[in-house]
1. Considering 243, 252, 275, which residue is within 19 Å of residue 217 (Cβ to Cβ), surrounded by 15 or more Cβ atoms within 10 Å (Cβ to Cβ) and more than 14 Å from the ligand (Cβ to nearest atom)?
2. I'd like to know if segment 110-117 contains one or more residues that are under 24 Å from the mean Cα position of the chain (by Cα), within 15 Å of the ligand (Cβ to nearest atom) and outside the structural domain of residue 215 (by TED's automatic domain parsing).
3. Do we have residue 90 as crowded, with 23+ Cβ neighbours inside 10 Å and assigned to a helix (DSSP H, G or I) here?
4. Within segment 54-69, restricting attention to residues that are outside any loop (DSSP other than H, G, I, E, B) and out of contact with any strand residue (DSSP E or B) (no Cβ under 6 Å at 6 or more places or on another chain), which residue is farthest from the ligand (Cβ to nearest atom)?
5. For segment 137-234, give me every one of the strands (runs of 3 or more DSSP E) that falls completely inside it and has 3 or more residues that are under 19 Å from residue 257 (Cβ atoms), within 21 Å of the chain's Cα centre (by Cα) and touching a residue at least 24 places away in the same chain (Cβ under 8 Å).
6. For residue 83, only one of the following conditions fails: (1) touching a strand residue (DSSP E or B) at 6+ places or on another chain (Cβ under 8 Å); (2) within 16 Å of the ligand (Cβ to nearest atom). What is its number?
7. How many of the residues making up segment 317-331 are out of contact with any strand residue (DSSP E or B) (no Cβ under 9 Å at 6 or more places or on another chain) and either farther than 23 Å from residue 104 by Cβ or surrounded by 14 or more Cβ atoms within 10 Å (Cβ to Cβ) (or both)?
Ligand code: 8YV
């Protein structure tokens, strides 16, 4: 603490508007260069900071948390998913963890719809053709035919905030909504969405035209879409994942796309982010796989609102209250 201002360390460069406000309110250390922290830098930060503000690119595991000084009171994640943080270890050490829910729900759902349309309707292939001066021979009836999404069945794996926002949009596009979730959603929401709930993920997967992965990554959802489950999908099925790469067995997905046992996939997240394999790049050139660089929530407005949430969480904790976006163990 400097006077009554907590010392806050940001691991990445945040939007100017957020950083400026944080400098006004707290004793804030910025990362102007935006180079991701190394593990030793993270250790040094948790030894000094009252508040650490990490992002998805920082792994705050139990080894880092074990080395935190007693002054570390809060890990205020700049992001919704908290799979990058060992919440149980933090909580045990008396460190509060918060995230930034709700402000990125609509942006992420919009992007998921764009991904859902992009592969079946061959959006990227079409745009690439137009970058080549001789790419387009002119209109013809069989040119660039894709697959219609309206009238198709969408299977949502994880019907939380983002899953429901995807469902609302997909319904407006004429899709039939199906979902698998540990808990059934409120009957009113089910009615509104005309959604069909499946207890069995296996049963649902075997019947869907498009599958959207929208659950958090936890130990229970690691490789939820395993090699065995991917084999249940129909050959015309598409998969969209803007949640976390680890939820799908990526190697099995690549093999399924190569073998043509599913029609296509759109991924905004990857198992070894930011690395993607040459096999994936090849599939992407063939139009079977759309890869995006984890940009589902990347809007100017969303990032500013995420920053507001971080600030509110810090302020409430240091004012002696419970921060609104506290994350508890087991509630990833
Ligand atoms: C964020 C995300 O950009 O919030 C999340 O969980 O996956 C992303 O959309 C990122 O996490 C920022 O830390």
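The values are calculated or read from the model by the stated rules, or taken from the named source; none is laboratory data. The structure presented is a predicted model; accordingly, all values stated were derived computationally and were not measured. Please note: Cβ atoms are built from the backbone with ideal geometry, for glycine as well, and neighbour counts cover all protein chains shown.
1. 252
2. No, segment 110-117 contains no residue that is under 24 Å from the mean Cα position of the chain (by Cα), within 15 Å of the ligand (Cβ to nearest atom) and outside the structural domain of residue 215 (by TED's automatic domain parsing).
3. For residue 90, the condition - crowded, with 23+ Cβ neighbours inside 10 Å and assigned to a helix (DSSP H, G or I) - is met.
4. Across segment 54-69, the extreme among qualifying residues is 66.
5. 210-213
6. It fails just one condition, (1).
7. Residues that pass the stated criteria total 3.
Here is a yes/no grid of residues against (1) part of a loop (DSSP other than H, G, I, E, B); (2) in the same structural domain as residue 73 (by TED's automatic domain parsing); (3) within 19 Å of residue 95 (Cβ to Cβ); (4) out of contact with any strand residue (DSSP E or B) (no Cβ under 6 Å at 6 or more places or on another chain):
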position: 14; (1), (2), (3), (4): yes, yes, no, yes
position: 20; (1), (2), (3), (4): no, yes, no, yes
position: 28; (1), (2), (3), (4): no, yes, yes, no
position: 31; (1), (2), (3), (4): yes, yes, no, no
position: 34; (1), (2), (3), (4): yes, yes, no, yes
position: 40; (1), (2), (3), (4): no, yes, no, yes
position: 52; (1), (2), (3), (4): no, yes, yes, no
